[in-house]
Amino acid sequence: MSLRIKAYSLILAAAGFLVLAAPECSYAQNKTIESKKKEAGKLQDDIKFLDKQISETKKQRQNTLSELKLLNKKVETRKRLIDRLEEDIKGQGMQISDKTKALEIMNAKLDSLKSSYRRMIMKAYRNRDSRKWFMYIIASDNVEQGYRRWSYLKKYSGSLTKLASEIKEESRKIEAERSELSHLQAEKIKDQHEKTEELNRLKQDQDKSKAYANTLAKQQKKYTQELQKKKQQAERLNKEIEKLISQAIASERKKAESSAKKSGGKTSSSSTSYAETPESAKLSGSFESNKGNLPWPVKRGMIVEGFGEHPHPTIKGVKLPFNNGVNIAAPKGSQVLCVFEGVVKQIIVIPGYSNCVLVEHGKFFTFYCKLGKVSVKSGQKVSQGSVIGTIDTNQESSEMHFELWMGTQKQNPENWLKR
């Protein structure tokens, strides 16, 4: 009998552990699913944003590469949304499985508690005559035995009350788990339905993008000429920014050399390295420590062309000019904001890139292009969030070009901007 009681106690203890562990596991999964749902919500917002941008681009001019670029970005974003929904559905499936197992364990525990309670109640019922209990105590051989018998009866009564309370609490937990399980099942069905709808929309977007690309491909001669023009504009931009940065480095070198002479120190011999004064070194360090956490140069925007080389959307086997920065689509007339404190070094106009502003942040430089109105002057100190200007509204699409350099080394802005 003693072995049976011990075995039963171990089973209850194991069941209790699993029931306690399950909510912790469930909590972790809930956090993951919640995070993925937020990401899915952001992707849905991005798709709405791209729809607006496409609509604005259409108003400017029909059948443009800019519109195709936005369409392709929309297809890519919708694919990511479907992936997130698929992950949500898998996560919900795992949670449903875990909760189903937890419910089975909880029900088994409840059945055991009820069984124990029934046995104790039956035993108490069979000996319900209070005279029997009284005689049981009176018949003790001595006071000590009488006290032990009285304590046993008291504990028996307490055990019944405790068991009843445990049964009530376990029943409440089971009801809560069942309610959460029903909610999860409903959410899974909803997400499966949404995924089906998104797959249908994706096919429509892909068909539209393909048809659009085919229409533009018929004008290959026109776009080959435009590509050549774009390459020339990109080359001019690259030469200009390299020249501006070299000038800024030379200017800072003179300051550093002057400061070094006064203090009896030395500067590095390389003419291309950035010789820092104590002030610029402090600013450089502060800028670098914010890698991956810099604010975006627009309040609301999406990168529609990333850093590096990309294939031409309509001419097979041909690549677009190397992008030294990123192109960010933003609402028409958006303000362009400075990403970090610094000094405006130069404002220039480059064909194809409109007004461009170079800002120095110690040995780092940020470059803001495709501006219509410029709100700063050369030599002006700016802080993080200062308005540099507004996006040029005379372009095919509402977007800005943004670059980030460390000395003469171009950087991928996506690695520096806050995600």
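The values are calculated or read from the model by the stated rules, or taken from the named source; none is laboratory data. From a predicted model like this one, the values you see are computed outputs, not experimental measurements. Neighbour counts run over all protein chains shown; Cβ positions are idealised from the backbone, glycine included.
Might you let me know whether region 337-347 holds any residue that is of a type in the set (Asp, Glu) and more than 17 Å from Leu283 (Cβ to Cβ)?
Here is the first cut: in region 337-347, the residues of a type in the set (Asp, Glu) are 341.
Cutting the leftovers down to more than 17 Å from Leu283 (Cβ to Cβ) gives us none.
Within region 337-347 (the criterion being of a type in the set (Asp, Glu) and more than 17 Å from Leu283 (Cβ to Cβ)), the answer is no, since none of the residues qualifies.
From the set of residues in region 386-396 that are among the polar types (S, T, N, Q) and closer than 15 Å to Ile328 by Cβ, which is surrounded by the fewest Cβ atoms within 10 Å (Cβ to Cβ)? It comes out as Gln395. Scanning region 308-333 for residues that are over 30 Å from Glu279 (Cβ atoms), in contact with a Gly (Cβ under 7 Å, 6 or more places away or on another chain) and buried (at least 18 other Cβ atoms within 10 Å of the Cβ) yields Asn323, Ile328, Ala329, Ala330. Screening region 379-419 for residues that are part of a loop (DSSP other than H, G, I, E, B) and not polar (S, T, N, Q) and picking the one that is nearest to Lys239 (Cα to Cα) gives Gly407.
Matching residues to (1) surrounded by 13 or more Cβ atoms within 10 Å (Cβ to Cβ); (2) of a type in the set (Gly, Ala, Ser); (3) in a loop (DSSP other than H, G, I, E, B); (4) not assigned by TED's automatic domain parsing to the domain that holds Ser66:
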| position | (1), (2), (3), (4) |
| --- | --- |
| Leu181 | yes, no, no, no |
| Leu184 | yes, no, no, no |
| His193 | no, no, no, no |
| Glu197 | no, no, no, no |
| Asn200 | no, no, no, no |
| Gln206 | yes, no, no, no |
| Ala213 | yes, yes, no, no |
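Does region 267-281 contain any residue that is at pLDDT 80 or above, of a type in the set (A, V, I, L, M, F, W, C) and in the same structural domain as Ile348 (by TED's automatic domain parsing)? Even if it seems obvious, please write down each step before you answer.
Residues of region 267-281 that are at pLDDT 80 or above, as a first pass: 279-281.
With the extra rule that they be of a type in the set (A, V, I, L, M, F, W, C), the set shrinks to 281.
Then drop every residue that is not in the same structural domain as Ile348 (by TED's automatic domain parsing), which leaves 281.
Yes, because at least one residue in region 267-281 is at pLDDT 80 or above, of a type in the set (A, V, I, L, M, F, W, C) and in the same structural domain as Ile348 (by TED's automatic domain parsing).
Exactly one residue among Phe340, Phe307 is under 21 Å from Met406 (Cα atoms) and in contact with a Ser or Thr (Cβ under 9 Å, 6 or more places away or on another chain), and that residue is Phe340.
Matching residues to (1) β-branched (Val, Ile, Thr); (2) crowded, with 21+ Cβ neighbours inside 10 Å:
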| position | (1), (2) |
| --- | --- |
| Ile348 | yes, no |
| Tyr353 | no, yes |
| Glu360 | no, yes |
| Phe364 | no, yes |
| Leu371 | no, yes |
| Val374 | yes, no |
| Gln384 | no, no |
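Among the conditions (1) assigned to a loop (DSSP other than H, G, I, E, B); (2) without any contact (Cβ under 8 Å) to a residue 24 or more places away in the chain, the only one that Val376 does not satisfy is (2). Might you check whether a residue that is modelled with pLDDT under 90, touching a helix residue (DSSP H, G or I) at 6+ places or on another chain (Cβ under 9 Å) and part of a loop (DSSP other than H, G, I, E, B) occurs anywhere in region 335-351? Checking region 335-351: at least one residue is modelled with pLDDT under 90, touching a helix residue (DSSP H, G or I) at 6+ places or on another chain (Cβ under 9 Å) and part of a loop (DSSP other than H, G, I, E, B).
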